Amino acid sequence: MDGTSITSSPAALPPSEIVGCPNCAEPWAPCPPVTAARFDDKSLRRCCRCATLFVLPPDGPAVPVLHCTDCGLPFAAGPEDPGCPGCRANGVGAAPFDDEHLRRAGEFELRAALSSAWSFVGSPTSATYLGRVARDAAKAVGGEPACARVAIFDEPTLCTLVLPSGWLLVSTGTLNSLDDEAELLFLLAHEWTHVTAGHAARSLPSFAVPALARAERDPDTAVEIWSETAQDMIALGHGVEAEQLADARGLDAVLSLGYDPRSVVRYLGRLAKRHRHGDAELLAVSLAHPAPAERRKSVERMIAARMVGPETRRVNREVFRRAVGGPALASLLPVDGLAAGPDDRRAGLVRGSWKSALLASALGIVLLALLFLLVGVLLSS
């Protein structure tokens, strides 16, 4: 994986970074800032206390970043008009290209590009094991467990990407950060929640539209464009509320399947320790989610509220280590990426004209506008 978007910014720090969070004055965590192409490679930071995400211009004050509840895209909120500029420009209260055909076209192009740009690895043992745990997680959370599939990409940083079709892309660095199957189950259930709650389906089309247009103008850089888009999706996440919901459902899955919830606390505790020490491998996960220390406190409160008793619960540590632990990860071999297969063809995830998808979406908007116009004429007559 080429982590050009999920990187620290070596440029001089603007004053807002040195002072800390404009909301609560909490000093910034020692982790370096992250840049994202969506925000013109400006520095981004999330406050460890209030969890607000900020974009930090080099010559101005920090600006809060919000996630639109309609289109799912992150945007810099202006002080006078904090609404999503994309939805405001469309005047319809939702992303204009929130369309199933476009979602499929965008995901196909993204997967085809990542299959070329990223290094995917695996083994029969890891594929069988991760598939089983992913289906268990999906069954506990809800949705269609048969659609849950896991792909490992060779990347030392902690990052995951979930696609609307059910693909859960997990880095080797993420798997290396886990210690047992209970932690893995929590992670996959968390990510699967973004599928069942519609977070992935809502955000992908809005990220895909500019990528499709840029790739059409410059086909020679299409793989780079889509890889950059994926990195932005990883780093910017789905918003604080969506991540909190995913943590809650992930914990519920751990409890319902008889795993030890203390494993989740230990996992988040390890992330919190690394975060406090400024571990650069946590750049993406620390930006996309609330601070690990706050996530740990939230999980501890949920465990107490659910009155989990001291009974013995499983963690399956040895099974996990044999399948995807450190030595097992080191022995993984390159595998095919995310090319379309028979299941994807049945689901409609096959290469087609993305221009047709855009045209169908635009036609739908025009027809909807004509309908509103007709209703207005009838009411006024």
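The values are calculated or read from the model by the stated rules, or taken from the named source; none is laboratory data. Here the structure is a predicted model, which means the values were calculated and not measured. Counting neighbours? That spans all protein chains shown, and the Cβs are built from the backbone with ideal geometry, glycine included.
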- Message: I'd like the residue in the range 227-275 that is touching a Ser or Thr at 6+ places or on another chain (Cβ under 9 Å), under 26 Å from Pro27 (Cβ atoms) and acidic (Asp, Glu) and, out of all such residues, is surrounded by the fewest Cβ atoms within 10 Å (Cβ to Cβ).
- Response: Glu241
- Task: Identify the single condition in (1) at pLDDT 85 or above; (2) in a helix (DSSP H, G or I); (3) under 30 Å from Leu268 (Cβ atoms) that Thr221 does not satisfy, given that it satisfies every other one.
- Result: (3)
- Looking at (1) modelled with pLDDT of 75 or more; (2) on the phi > 0 side of the Ramachandran plot, which is the one condition that is false for Gly91? (1)
- Query: Taking the range 298-326 as the search range and keeping residues that are among the hydrophobic types (A, V, I, L, M, F, W, C) and out of contact with any Pro (no Cβ under 9 Å at 6 or more places or on another chain), which one is surrounded by the most Cβ atoms within 10 Å (Cβ to Cβ)?
  - Reply: Val324
- Item | Selection status of Phe372, modelled with pLDDT under 80, aromatic (Phe, Trp, Tyr) and part of a helix (DSSP H, G or I) | yes
- Matching entry among Val150, Val133, Val141, Val65 (being modelled with pLDDT under 90, buried (at least 22 other Cβ atoms within 10 Å of the Cβ) and aliphatic (A, V, I, L, M)): Val65
- Task: Look through Glu243, Glu216 and report the one residue that is under 30 Å from Gly337 (Cβ atoms), modelled with pLDDT under 90 and among the charged types (D, E, K, R).
- Result: Glu216
- Query: When the range 303-322 is examined, which residues are found to be at pLDDT 90 or above and not in a helix (DSSP H, G or I)?
  - Reply: Arg314, Val315, Asn316
- Query: So is Arg295 part of a helix (DSSP H, G or I), under 24 Å from Asn316 (Cβ atoms) and either under 21 Å from the mean Cα position of the chain (by Cα) or without any contact (Cβ under 8 Å) to a residue 60 or more places away in the chain (or both) or not?
  - Reply: yes
- May I ask you to say which residue of His275, His289 is in contact with a Gly (Cβ under 8 Å, 6 or more places away or on another chain) and modelled with pLDDT of 90 or more? His289
